[in-house]
Amino acid sequence: MDTTRVQVLVVGAGLAGTATAMFLADRGIDTLVVERHPGTSLHPKAAGQNPRTMELLRTAGVVDEVLAASPFTGGHNFEIKVATSVHGTVLKRIVAGDETRLWDALSPLPMGMATQVQLEPIMVDRARELGARVRFDTELVSFDQDTLGVTARLVHRPTGTLSQVRADYVVAADGHRSPIREQLGISRHGWGSLSHYAGIVFDTDPERLADVASTLFYLQHPEFTGVFGSTHVRGRHIFAVEYDPARGESISDFTPERCTALIRLGLDDPALELELRTVQAWEMAARVADTFRDGRVFLAGDAAKVTPPTGGLGGNTAIGDGFDLAWKLAAVLRGQAGPGLLDSYDPERRTVAELVVAESLANYVDRMAPQLRSDAVPIPSGYLEVVFGVRQRSEAVLIDDEDPAPVEDPRKPSGRPGFRAPHVPLVLDGVDMSTVDFFGRDWVLLTGTEGGVWHEAAKHVAGRLGIVVRTVGLGPGLTDPEDRLVEAYGIGHGGASLVRPDGVVAWRTDFEVADAAGTLQSVLSRLLDRVPSGAVPAGTAR
């Protein structure tokens, strides 16, 4: 049996798998994606890309395509309501149109509204353009790992042809049932199964529902609990209805006649003419894997965590998993970092997953299952905090305080290590931009002044370590019209902030030191696992 050699094998071509492959290929990593199905998802499923996700997608050059695929530009016309029916009593407004413009103060990028059906092909195509290989109709049937890599055996499902792949690392993005996770014996914790739904996709006259096309409804109808929303196809909509297997109910109960009757009830339109496209069963659950890594195998997306869709955080988190894995794997595979950098994936992404599941679960109870309200339901951290304000804690961050809080209010960013580097409006050669525009590719050293000892140190250390460290400082060409940068980053006028390729502050100091090059080399060596860990380097803010 012939053996294909790759650096990273990605199993699964959902949001996590396609994102991981795209971001890896963008960094020049030899990547192979295998997917057991003949193509990407045919069901709209997850929709919406928050601005933080759009920042990540921009690094791979697909933001314009995502925005072009979004029916509601920037998400500014989008609304979310809890109601008895589409035209019935509104019990609660979750998002009301232009409220999303609050995010403009947190990111230079708008929200995208592409569905999973649209986004996965965009990322697959881009991954291929960048050099990744993608095999559909191909299933992983077994694998073994050793200290040097992973050997995976694959089958081409239409023909039964067997093949073998030898990879340095494997990313298991194979869904919530994840055969890879099961083979590794990784257990999960959480609330488990919450409910079962029949997901119905139907077509109708586009003009008939034009007035509600930009609204997502959580329906608490006297006769059922459900969800109604539109897709990227004019006149095509999603209608989901809860059923209970414990009461003997099943997906087979949803005959065409019953689906049509339920849709007409929910839409307050007894004469609505419609064509059913699909009826699909799905389980709503809340589970997080106990670890996201086993040796050279990493879990991503639904293989790592399953979250209720209430809040739209699941798909965004899957893309975040892919970006985090990509920059870290690329650094290790290129010899720019030691293998210890990969140890940061589990604690960092599992923290995000726990917060996302808690947030989504609280939303589920609030919007769809008020009967579950109790002290056992986790207290949510807040949507903005979970998207923009999570603190990363691992050996890939040098924390400079003892604050145990997992999040901060991103509207009042501290610039402390572990948090996303704040968005501060700047002007570069007369053009408006953001600090965030500098992040996403390489390490960035940011200071309050142009040039100086920290910039010279960055050039010296980058050359010595064989990495790229971009230097950014205020001066004649780069100005800070709101005079916010120094305070937002907590660096004083002589200090510096070191930002990771993912836009997370890794280290900072608020003063200048005599041996800036030695300090910066010590910092980067620790962060990249280039030397054994030791004391906090001199110059770290206290």
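Every number in this text was worked out from the coordinates using simple rules, so none of it is lab data. Note that the coordinates shown come from a computational prediction; the quantities given were computed from them, not determined experimentally. Quick reminder, even Gly has a Cβ in these numbers, built from the backbone with ideal geometry, and neighbours come from all protein chains shown.
Structure above, values below:
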{"read-out": "Simple label model, 7 Å out from Cα along Cβ direction - Ile251 to Arg133, nm", "value": "3.3"}
{"read-out": "Residue order, fewest to most surrounding Cβ atoms within 10 angstrom, among Val10, Val390", "value": "Val390, Val10"}
{"read-out": "Relative contact order [Cα under 8 Å, 6+ residues apart], the stretch 165-291, whole percent", "value": "38"}
{"read-out": "At R0 = 35 Å, FRET efficiency that the Cβ-Cβ distance of Val233 and Asp483 yields, to 0.05", "value": "0.15"}
{"read-out": "Cα-based helix-to-principal-axis angle, 15-26 vs the chain, degrees rounded to 10", "value": "30"}
{"read-out": "Under-5 Å amide H pairs with Thr225, H placed in peptide plane, nonlocal only", "value": "Glu242"}
{"read-out": "The chain: calculated mean residue ellipticity at 222 nm from DSSP helix runs of at least 4, using -39500 (n - 2.57)", "value": "-8000 deg cm²/dmol"}
{"read-out": "Karplus 3J(HN,Hα) series, Hz, for the stretch 293-300 with 6.51 cos²θ - 1.76 cosθ + 1.60 (x for Gly, Pro)", "value": "8, 9, x, 9, 10, 10, 8, 9"}
{"read-out": "Charge context of Leu209, other residues only, Cβ under 13 angstrom, K/R +1, D/E -1", "value": "-3"}
{"read-out": "Extension gain (nm, one decimal) between Ser142 and Asp30, 0.36 nm per residue minus Cα-Cα", "value": "38.2 nm"}
{"read-out": "Segment Asp515-Glu223, extension gain: residue separation times 0.36 nm, minus the distance between their alpha carbons", "value": "98.0 nm"}
{"read-out": "Value of relative contact order over the stretch 421-527, rounded to a whole percent, pairs C-alpha under 8 Å and six or more apart", "value": "32"}
{"read-out": "Between helix 314-333 and the chain: long-axis angle, C-alpha atoms, 0 to 90°, nearest 10", "value": "30"}
{"read-out": "Vicinal HN-Hα couplings computed from phi for the stretch 40-54 (Karplus, 6.51 cos²θ - 1.76 cosθ + 1.60; Hz; Gly/Pro x)", "value": "6, 4, 9, 9, x, 6, 5, 9, x, 10, 5, x, 5, 5, 5"}
{"read-out": "GluC sites (Glu not before Pro), loop per DSSP, at most 13 other Cβ atoms within 10 Å - longest free stretch of the chain", "value": "1-206"}
{"read-out": "Förster-model FRET efficiency, 35 Å R0, Thr89 and Asp203, C-beta, rounded to 0.05", "value": "0.80"}
{"read-out": "Degrees, to the nearest 10: 453-465 long Cα axis against longest axis of the chain", "value": "80"}
{"read-out": "Positive-end residue of Val150, Asn363, Gly340, charge dipole of the chain with Cβ unit charges", "value": "Val150"}
{"read-out": "Which of Val424, Thr509, Ile467, positive extreme of dipole for the stretch 421-527 (C-beta unit charges)", "value": "Ile467"}
{"read-out": "For the stretch 68-216, size of Cβ-based charge dipole, Lys and Arg +1, Asp and Glu -1, in debye", "value": "360"}
{"read-out": "Share antiparallel - DSSP beta bridges, the chain, percent rounded to 5", "value": "70"}
{"read-out": "Other-chain or far-sequence residues with amide H under 5 Å of Trp191's (modelled H)", "value": "Ala286"}
{"read-out": "Length gained when the stretch Leu162-Asp401 is fully extended (0.36 nm per residue, less Cα-Cα span)", "value": "80.7 nm"}
{"read-out": "Net dipole in debye of the chain [+1 Lys, Arg Cβ; -1 Asp, Glu Cβ; about Cα centre; nearest 20]", "value": "1020"}
